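Structure record follows, encoded as structure tokens.
The values are calculated or read from the model by the stated rules, or taken from the named source; none is laboratory data. Everything numeric here is computed off the predicted structure, so don't read it as measured data. No Cβ is skipped: glycine too gets one built from the backbone with ideal geometry, and neighbour counts run over all protein chains shown. Surface areas here come from the heavy atoms of the whole protein model, side chains and all, with no ligands, DNA or RNA. Shrake-Rupley method; radii C 1.70, N 1.55, O 1.52, S 1.80 Å.
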Protein chains: 4
Amino acid sequence: MSHNTFGHLFRVTTWGESHGPAIGAIVDGCPPGIPLDESDIQVHLDRRRPGQSRFTTQRQEADAVKILSGVFNNASGKQVTTGTPIALEIQNTDQRSKDYGDIKDKYRPGHADFTYDAKYGIRDYRGGGRSSARETASRVAAGAIARKVLGDVKIRGALVQIGPHKIDRGNWNWDDIAGNPFFSPDKKAAELWADYLDKIRKDGSSIGAVVEVIAEGVPAGWGAPLYGKLDQDLAGAMMSINAVKGVEIGAGMAAAELTGEQNADEIRIGNDGKPVFLSNNAGGILGGISTGQPIVCRFAVKPTSSILAPRKTIDTHGHETEITTKGRHDPCVGIRAVPVGEAMMAIVLVDHFLRHRGQTGA
Amino acid sequence: MSHNTFGHLFRVTTWGESHGPAIGAIVDGCPPGIPLDESDIQVHLDRRRPGQSRFTTQRQEADAVKILSGVFNNASGKQVTTGTPIALEIQNTDQRSKDYGDIKDKYRPGHADFTYDAKYGIRDYRGGGRSSARETASRVAAGAIARKVLGDVKIRGALVQIGPHKIDRGNWNWDDIAGNPFFSPDKKAAELWADYLDKIRKDGSSIGAVVEVIAEGVPAGWGAPLYGKLDQDLAGAMMSINAVKGVEIGAGMAAAELTGEQNADEIRIGNDGKPVFLSNNAGGILGGISTGQPIVCRFAVKPTSSILAPRKTIDTHGHETEITTKGRHDPCVGIRAVPVGEAMMAIVLVDHFLRHRGQTGA
Amino acid sequence: MSHNTFGHLFRVTTWGESHGPAIGAIVDGCPPGIPLDESDIQVHLDRRRPGQSRFTTQRQEADAVKILSGVFNNASGKQVTTGTPIALEIQNTDQRSKDYGDIKDKYRPGHADFTYDAKYGIRDYRGGGRSSARETASRVAAGAIARKVLGDVKIRGALVQIGPHKIDRGNWNWDDIAGNPFFSPDKKAAELWADYLDKIRKDGSSIGAVVEVIAEGVPAGWGAPLYGKLDQDLAGAMMSINAVKGVEIGAGMAAAELTGEQNADEIRIGNDGKPVFLSNNAGGILGGISTGQPIVCRFAVKPTSSILAPRKTIDTHGHETEITTKGRHDPCVGIRAVPVGEAMMAIVLVDHFLRHRGQTGA
Amino acid sequence: MSHNTFGHLFRVTTWGESHGPAIGAIVDGCPPGIPLDESDIQVHLDRRRPGQSRFTTQRQEADAVKILSGVFNNASGKQVTTGTPIALEIQNTDQRSKDYGDIKDKYRPGHADFTYDAKYGIRDYRGGGRSSARETASRVAAGAIARKVLGDVKIRGALVQIGPHKIDRGNWNWDDIAGNPFFSPDKKAAELWADYLDKIRKDGSSIGAVVEVIAEGVPAGWGAPLYGKLDQDLAGAMMSINAVKGVEIGAGMAAAELTGEQNADEIRIGNDGKPVFLSNNAGGILGGISTGQPIVCRFAVKPTSSILAPRKTIDTHGHETEITTKGRHDPCVGIRAVPVGEAMMAIVLVDHFLRHRGQTGA
């Protein structure tokens, strides 16, 4: 993991700025022979795509992905991966750079404007440039390929909290996810959130959220202790998503309040003769290695920093000023972070799958 | 980050099992000319060393470190780093392997026994082998070198919560840290914790905790977006510590409940003409790059899994059984995680310092 | 160096197949503020471009490069690098895939057809797919950026041998390089080569060659011993070029015949008070670190494997057969390897420059 | 490959200076369950050990290796690898640092003294410190583990040239290797070399050599094009050995003089139904991937730079002077490079074996 590349055997390198001609990703190290065409990727991009409800930015991007390399027709005439780098490209079509003209010389609080300037001495200020959440489309595209490699591993994400409003876990129903604009597994919570977010949106404000991603079907044994632990890589992957400020595995921060008796996930033998854990405080990972239980990861997304209320800031010349961020923004970026979290889970898992297979032959 | 190596330009590789002859670390890529002798490292190892109060394991390890390479006397006769790999070695002296005889064939819930067997088909069961928290001594040793390189950056950790009992942040006093066996910055909390932990310990139970590590003096500009973000690497680093289940930067998981107005860290110009942030919800990092504010990172440590109460488990032959873990254990491993968290912060920061200097010449 | 990425701090990832829609490279880790537009790259691509004389393949490719990310106008309105990934793309325009139809089922001796099938179970046979020398256009494009970062370091390559015919080193004149279609620094040799290659070409045969690349202006101190030695990385870089079978630094293979007295590059102090080496058997590198002398690297390029004479081979079904390779090929691929060798030298040097600056602050 | 670590999935990190207390290596990523004890390693170290004939340095080092981690007894009571890092340590016992006192302030031509000072501003001058060929003991130790993992792959090296005297390839007999102090496969050449080297040695001079390493039993398919090619990694690995100035695969530099007809390794189907190549100019590698033929790699080793004849040089204060290098040195370091070359071949191959298995499941 360095600069703009993530992963070891399955390596994802992304490039592109929010308002440049295009963004994209190179997926390197993908196993050969995996059926793959653009529709396999597009379906996931469409879930992340902006402008699909009033609760996300109104920027209209088709987010149509093209595969430029790394696939070929096999003997049966089906397009499959060849083991060489897969180049993915998504054109930027609806930039409206004029919207961002007045932030050229001011640092938006909560954004990366100030730090990019501090680091590089220059920044592409149009739409946040490289630090824009637009880059997450590349992650979702790469994650779609990772999913294909993983096969039977099922990776699903959900929004479990917006502001102070958490879902009722007793209502959890995966089938409800697609039925509301929030990826909520609790349809009642979704109704409440709609009202709550409408008010936030009309106020020109924004609010944070919590995303939960669960992977089922991961066998025991994936992970590379001690410095390539599965949970370590997941934590890094999720924290690398724009606006994420906290990451939890299993019991997460609440583990601080558990006793050893409460925390221990006891083990029995199931009817199929395989180990069964009676609880999953570990979130499916012990000692950095998967247990065979579902991998459970949560992360908190801070509120969109672009808000209508004026905030105190400084300009690039070092003078005090105020800024109001207009433009088209998500009132709750956490919503569209759900498919991004799924993608990062898939990318981490497939990298560990390949590494585990490499080291152990399993 | 792969297998047992952490970092890019400043690379730490650790090795060793809890009950093998020794453990150690190779620190590679350390800048030359840094004054370094064993006492620089020992002082930090002594803070992590077990057996210093009744609240940590009674295993007695001198944890005396030896430097086997990478240093030499400079023209002034002072021992300094030479830019070549620094090999650190710590003998294991008090293993008492007999204590662990009865866990040879049983998987301790909450421990890595089951997963190491699942991954590798074999495990050194003595004291947890490679997955033992004993390995964190190597981290602390490597972190001590990282601190020397960082110079004026001040890295300090504190325990801020044990079980349900949080410190009162109004009482925060760094000078109190050394005055209690918990690294508590709130001496009143320390008194309460002593009573609370005595009960836990006498019950043969254990409890979780939260550690906070703060780095002051980091200039703006460190971090390598998008997949080597400073917060990404910190999250991974902290999650790689034994028993950690959650990591937060700045506002952390609570960012989910903030509005955009609350979350935005407004900026003014200070008397020295430099930017001053009016709050630090960002924890000193925006867009993966340091802002110049203190870097603030918290992580939750689950309770020690080795407890006296019998737990349901299975044995290596797939039969159901129970296990009671005797031996000498920390009732709250979170305490000794404080210097480990500091070490990981130092290692991440120095790696980013060198990378930033490399890419930008700053 | 892994899969399709080369370098550590300055990282080049290439993608694309010979007859896919495009090829390209991501240059990641480039320092910010370096003036860069497409013409800076195009000038080097034009030197590698096919179809410029009768001695190279007649495939007509404009090799027009586009920069898709990583640059922006600075305050002076000049386009410079921003420190974010630079995506380069070159469309494939003259593929004529029909030419390659009959090699779909046969393995061309000397080509990678057999091994790609053995490794991946599938290959894009059109024009060699990923293993085509067409990929070297991406290297040249990335190398052009590396040159910009290196500034005053002068990197020049020359063809010094075709088949049995070596240049006369007494005739070496860098200014002659551009005056013949061989990059020959000896114009007399170029005349002889023209006749010699005409015959080879008319026979439908091919011939090997030796390229020499020299970098002047590299200061002493670049290189990362012991496993990131400057000569190690150069050797790997040159050997990674298509058809290269041998790499030499300084005296090269001939060092085997030297005595210690002959080999020692004695040192004096020059008029400017700086060390002067009286010879350069070391090729500018001692102990993996640059000496300040010119870096001298040579590599042998095998003859083009695509020839008209029928060769015994097998087909993909395991039957014996023969193959004659038609299509448009270079009679001596070594010629166009000259700018590729320069590019790899530049890429290695800039990576070591950044790493050296990172570790030592120099 | 960075700094002092080599490899990706099978990673070797070495440390230690010639006259420090010890040297060593960490082998990380070794598959679990491989039988391994110290004698498996010692047998290879003994082949590289100095002082075994009058043709190598008279320094007496037992080179006794200790395994400090990463192994454990399996259920059958046999010591095997556990998948965790294997720490290897070799004490330095016969340093005689006084021998090197007078080189403290002078740069020996051909040695790394000048460049280490230029890079790091400090060097451990005792016996060459980190740049001493003593480090190659760590490589041989790590290579011994790589061999165990490779199983049936047979890796053998030979000295094929000393100064102007090449072996007669018609006399090649692997069984002769152990019967002479030169690892010569041609016993007649060995006799000639003995006389030749005696004269070199008595003159206090030194001479270069060429080593050839061959790996048999490597299946088709190993290698990671385009920037982790098998030949690329071999070239880098061999060039990283002390004093190596040239590396060849298969036909090597002589490929420059071959025509396409001569160079093409034609393919037939053997009696076992498998592909048979009629020649091996490719050295077992096409397109960076193994063909199933023997992997053939040669490298040139320059003469020992430590010679009795006075050479012009400068001192650390920038004054012109002369130096005569006394001490115990190899008149032909190429001899002891044979087991080192074998070790690097083994390390490269096992890394590619694991990576290939990881990516393709083969």
Copies of A:G179 compared via label points 7 Å along Cα→Cβ give distances in nm, shortest first, of 5.9, 8.3, 8.5
What are the label-to-label distances in nm, one decimal and shortest first, from D:D37 to the same spot in the other copies, with labels 7 Å along Cα to Cβ?
4.2, 6.0, 7.2
What accessible area per residue, rounded to a whole number of Å², is obtained for the stretch C:5-360 using a probe radius of 1.4 Å?
31
What helix-only [θ] at 222 nm does chain A give? Using -39500 (n - 2.57) per DSSP H run of at least 4, over all residues, to the nearest 500, the answer is -7500 deg cm²/dmol
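Once you list every other residue whose beta carbon is under 14 Å from the beta carbon of B:A87, what net charge do they have if Lys and Arg are +1 and Asp and Glu are -1?
Within the 14 Å Cβ shell, the charges total -3.
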Chain D: which residue's Cβ hugs the D-to-A rotation axis most tightly, distance rounded to whole Å?
D:G358, 1
Label distances, nm, B:N271 versus same residue in remaining copies, Cβ-directed 7 Å point
5.8, 7.4, 9.4
Kindly state, as a whole number, the per residue volume in cubic angstrom of the convex hull around the alpha carbon atoms of the stretch B:1-119.
132
Which whole number gives the average count of other chain Cβ atoms within 10 Å of the Cβ atoms across peptide B:343-356?
1
Express in Å², to the nearest 10, the accessible area of D:I67 obtained by rolling a 1.4 Å probe over the protein heavy atoms while all chains stay in place.
20
Please compute, over every Cα-Cα pair in the stretch A:303-350, the percentage with a separation greater than 12 angstrom.
72
Residues of the stretch A:212-233 that become at least 10 Å² less accessible with every protein chain present than in their own chain isolated, using 1.4 Å: which are they?
A:A220, A:G221, A:G223, A:A224, A:P225, A:L226, A:Y227, A:K229, A:D231, A:Q232
Excluding D:D198 itself, what net charge comes from residues whose Cβ is under 13 Å from its Cβ, given Lys and Arg +1 and Asp and Glu -1?
+1
Quick one: pull the percent of accessible area on chain B belonging to carbon and sulfur, 1.4 Å probe, ligands and nucleic acids left out.
48
Low-density loop cleavage sites - trypsin sites (Lys or Arg not before Pro) in the stretch D:78-163, where at most 14 other Cβ are within 10 Å (DSSP)
D:K78, D:R96, D:K104
Would you mind calculating the gained length between A:D168 and A:D105 on full extension (0.36 nm times residue separation, minus the Cα-Cα distance), in nm to one decimal?
18.2 nm
List the residues of the stretch B:325-362 whose backbone N lies under 11 Å from a point placed 7 Å from the Cα of B:Q58 along the Cα-to-Cβ direction.
B:327-329
Report, in cubic angstrom per residue, the convex hull volume of the C-alpha atoms of the stretch D:9-77.
111
How far, in degrees from 0 to 90, does helix D:38-48 lean away from the longest principal axis of the Cα atoms of chain D, to the nearest 10?
60
Quick one: among C:L150, C:L234, C:L278, which has the greatest mean-square fluctuation in a GNM of chain C with alpha-carbon springs under 10 angstrom?
C:L278
Say the cut-off is 18 Å between C-alpha atoms; which of C:K229/D:K104; C:K302/D:K245; C:K312/D:K274 go over it?
C:K229/D:K104; C:K302/D:K245
Buried accessible surface, B vs A, both sides, probe 1.4 Å, in Å² to 100, equals 8600
Percent breakdown of C-alpha pair distances by 10 Å bin, ordered from the shortest bin, for the protein assembly as shown
2, 9, 17, 22, 21, 16, 9, 3, 1, 0
To the nearest 10 square angstrom, how much accessible area does C:H19 have with a 1.4 angstrom probe?
10
Heavy-atom accessible area of A:I34 with all protein chains present, probe 1.4 Å, nearest 10 Å²?
30
Relative to the longest principal axis of the C-alpha atoms of chain B, give the angle of the C-alpha long axis of helix B:136-150, reported between 0 and 90° and rounded to the nearest 10°.
10
Could you tell me what % of all Cα pairs in chain C have separations over 32 Å?
34
Helix D:230-239: angle to the longest alpha-carbon principal axis of chain D, degrees 0 to 90, nearest 10?
10
